Amino acid sequence: MSALPPGPSEPPLVQTLRWLLRPISFLESCRRRYGDTFSVSFLGFQTPMVMLSDPEAIRALYTVPGNTLPPGRTLALQPIMGSRSLLLLEGREHLARRKLMLPPFHGERMRAYEATVREVVAREVDGWPEGEAFALHPRMQAVTLEVILRAVFGVTDPARRAQLADGLERLLAGTSSSRLQFGMLLFRRFGGRDPLAGLAALRREIDVMLGAEIAERRADPREDILSLLVTARFEDGEPMDDQEVRDQLMTLLLAGHETTATGLAWTFDLLLRHPHVLERLAAAVDAGEETYLRAVVSESLRLRPVVPLAGRRLSQELRVNGHVLPADTDVTPAIWLAHTRPDRYPEPYAFRPERFLGNAPATYAWVPFGGGVRRCLGAAFAEMEMRVALAEILRRRTLRPASAAAERVLRRNVTFSPRTGTQVIAGRR
Ligand code: HEM
């Protein structure tokens, strides 16, 4: 009974390549063959990883206390985020940071950042070509980076912002290539030269710039999230030290920039392929009505989940779907599969925001932000940013697709991304 669920029998190298190169066909073929729960073997992992898509199983995984981080997260992220990143700490250390970092990401606080997003988007849209095709995804990356630099890091000086943006863009580009990802898997399995070593000098350069911002905000706190981090106190009354603040800033940047940009690019891709939805949304935006806008964001994150996996290592046995998974098993929701279950979402591949009108997404059947004590800290911020950016763009521009075919999924770093960057043709409204 405690045998892991069945899964593909190909060697780990083949399964890894299928996952890296054709993730959707890999996931869908596993579901067809093995059902809700199956085990995959990836290169660099000592044991198979179990994938789940049944909401009750996902609930069980995320609500059992004490589960730990999935393997490999520290190895991949620590060199960039630093050892005290919220994404890498466990247990009490993790919870203490979550408590301290959560307030600025909640409720009314978000309202204060809406104006920043609106301003950044308005300026960005002004520079768009008219009547000729361009890729939206990089434009959304520029928006979300600028929003983080302003709302989270609070960098007000435009020259400094440009310098920091340039360094961070180079760092992010350096860490997101498939070659580097594959190199990391080989490094983990066989050792050798660390594929991230080449980025060390750039990281130091960025640290100096961040250090200056941290020092300024300690001396003169403002409304940005960095100011809230330097003035917040742990339960014992101690503040975060500079090194840790730096780690959390890099964490917020890496967790919040590419993800939100990709969510926006997918939303536009879906809208462009469904002109009646685009039309209804534009009318709702013009009327200042938010309900449909919220439903569009929920439906886009369902049908095109940006982050495909958000796993845990079991601290104790877990019973799911007739299997008894032993402690120390690595288990993750296959988010794409969880979101395309016909029992939860009739006609699961149809883009239909109406399904969320009057129905908030169900906690464990809709998991674009993961769940439990590690659920995305920036979820409310990301949804706010997506809503404000969508509305602002639709108020200013008409959009039509530059190609007939919908975007295919490209696995990029830890995200599922639109393969050709969502090509559009924009016109003035
Ligand atoms: C559409 C955009 C976004 C998506 C799809 C997304 C998704 C996720 C997912 C799947 C996780 C892992 C959850 C888990 O392991 O259960 C996560 C964690 C996290 N995200 Fe996001 N995220 C987004 C935007 C943001 C933004 C804007 C920020 C902050 C500015 C942010 C900050 C974080 C942090 C700090 C964590 C770690 C939480 C922890 O370990 O306690 N994310 N996110």
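Observations on the model:
- Residue match in region 352-374 (condition: of a type in the set (Val, Ile, Thr) and open to solvent by less than 40 Å² (accessible area, probe 1.4 Å)): yes
- Filter pass, LEU180 being more than 30 Å from ARG92 (Cα to Cα), in contact (Cβ under 8 Å) with a residue 40 or more places away in the chain and either surrounded by fewer than 17 Cβ atoms within 10 Å (Cβ to Cβ) or away from the ligand (no atom under 16 Å from the Cβ) (or both): no
- Members of region 107-165 found to be within 16 Å of the ligand (Cβ to nearest atom) and aromatic (Phe, Trp, Tyr), listed by number: TYR113, PHE153
- Any hit, region 404-426, residues being charged (D, E, K, R), assigned to a loop (DSSP other than H, G, I, E, B) and out of contact with any helix residue (DSSP H, G or I) (no Cβ under 9 Å at 6 or more places or on another chain): yes
- Residue check, SER2 modelled with pLDDT under 95 and either touching a Lys or Arg at 6+ places or on another chain (Cβ under 8 Å) or surrounded by fewer than 17 Cβ atoms within 10 Å (Cβ to Cβ) (or both): yes
- Selection from region 92-106 of residues that are more than 15 Å from LEU252 (Cα to Cα) and open to solvent by less than 50 Å² (accessible area, probe 1.4 Å): ALA96
So that you can scan it fast, the table gives a plain yes or no per residue for (1) at pLDDT 95 or above; (2) more than 19 Å from the chain's Cα centre (by Cα):
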residue	(1), (2)
LEU337	yes, no
TYR349	yes, yes
ARG352	yes, yes
GLY358	no, yes
PRO361	no, no
ALA365	yes, no
GLY370	yes, no
GLY378	yes, no
ALA382	yes, no
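- Any chance ALA334 is on the phi < 0 side of the Ramachandran plot, without any contact (Cβ under 8 Å) to a residue 40 or more places away in the chain and of a type in the set (Gly, Ala, Ser): no
- Among residues of region 352-383, those that are outside any loop (DSSP other than H, G, I, E, B) and polar (S, T, N, Q), counted: 0
- Residue within region 37-58 that is closer than 21 Å to TYR345 by Cα, among the charged types (D, E, K, R), within 24 Å of the chain's Cα centre (by Cα) and surrounded by fewer than 20 Cβ atoms within 10 Å (Cβ to Cβ) present: yes
- Within region 219-253, being within 16 Å of the ligand (Cβ to nearest atom), of a type in the set (A, V, I, L, M, F, W, C) and open to solvent by less than 40 Å² (accessible area, probe 1.4 Å) holds for ILE225, LEU226, LEU229, ALA232, PHE234, MET240, VAL245, LEU249, MET250, LEU252, LEU253.
- Being within 16 Å of the ligand (Cβ to nearest atom) and open to solvent by 60 Å² or more (accessible area, probe 1.4 Å) is a description that does not apply to ARG344.
- ARG109 passes every criterion in (1) touching a Pro at 6+ places or on another chain (Cβ under 8 Å); (2) open to solvent by less than 30 Å² (accessible area, probe 1.4 Å) apart from (2).
- Which listed residue is surrounded by fewer than 22 Cβ atoms within 10 Å (Cβ to Cβ) and on the phi < 0 side of the Ramachandran plot, from GLU216, GLU258: GLU216
- Among the residues making up region 70-92, those that are in a helix (DSSP H, G or I) and more than 11 Å from the ligand (Cβ to nearest atom) are THR74, LEU75, ALA76, GLN78, PRO79, ILE80, GLY91, ARG92.
- Only one of SER41, SER9 that is under 23 Å from ASP328 (Cα atoms), among the hydroxyl-bearing types (Ser, Thr, Tyr) and in contact with a strand residue (DSSP E or B) (Cβ under 8 Å, 6 or more places away or on another chain): SER41
- Only a single criterion out of (1) more than 19 Å from SER298 (Cα to Cα); (2) near the ligand (Cβ under 9 Å from one of its atoms); (3) modelled with pLDDT of 95 or more is not satisfied by ALA261, namely (1).
- Where a residue in region 373-390 is closer than 11 Å to TYR113 by Cα and among the β-branched types (Val, Ile, Thr) and its partner, wherever it lies, is more than 6 Å from the ligand (Cβ to nearest atom) and open to solvent by 10 Å² or more (accessible area, probe 1.4 Å), with Cβ under 6 Å and at least six apart: VAL388/GLU114; VAL388/ARG118
- Among the residues making up region 5-45, those that are among the aliphatic types (A, V, I, L, M) and more than 15 Å from LEU309 (Cβ to Cβ) are LEU13, VAL14, LEU17, LEU21, LEU43.
- Some residue of region 394-407 being within 16 Å of the ligand (Cβ to nearest atom), crowded, with 20+ Cβ neighbours inside 10 Å and closer than 20 Å to ASP269 by Cα: no
- Considering region 304-333, the residues that are aliphatic (A, V, I, L, M) and closer than 17 Å to ALA379 by Cα include one that is surrounded by the fewest Cβ atoms within 10 Å (Cβ to Cβ), namely LEU309.
The values are calculated or read from the model by the stated rules, or taken from the named source; none is laboratory data. Not measured: the values here are computed from a predicted model. Glycine also receives a Cβ, built like all others from the backbone with ideal geometry; neighbour counts cover every protein chain displayed. The area values use the complete protein model at the heavy-atom level, side chains included, leaving out ligands, DNA and RNA. Shrake-Rupley method; radii C 1.70, N 1.55, O 1.52, S 1.80 Å.
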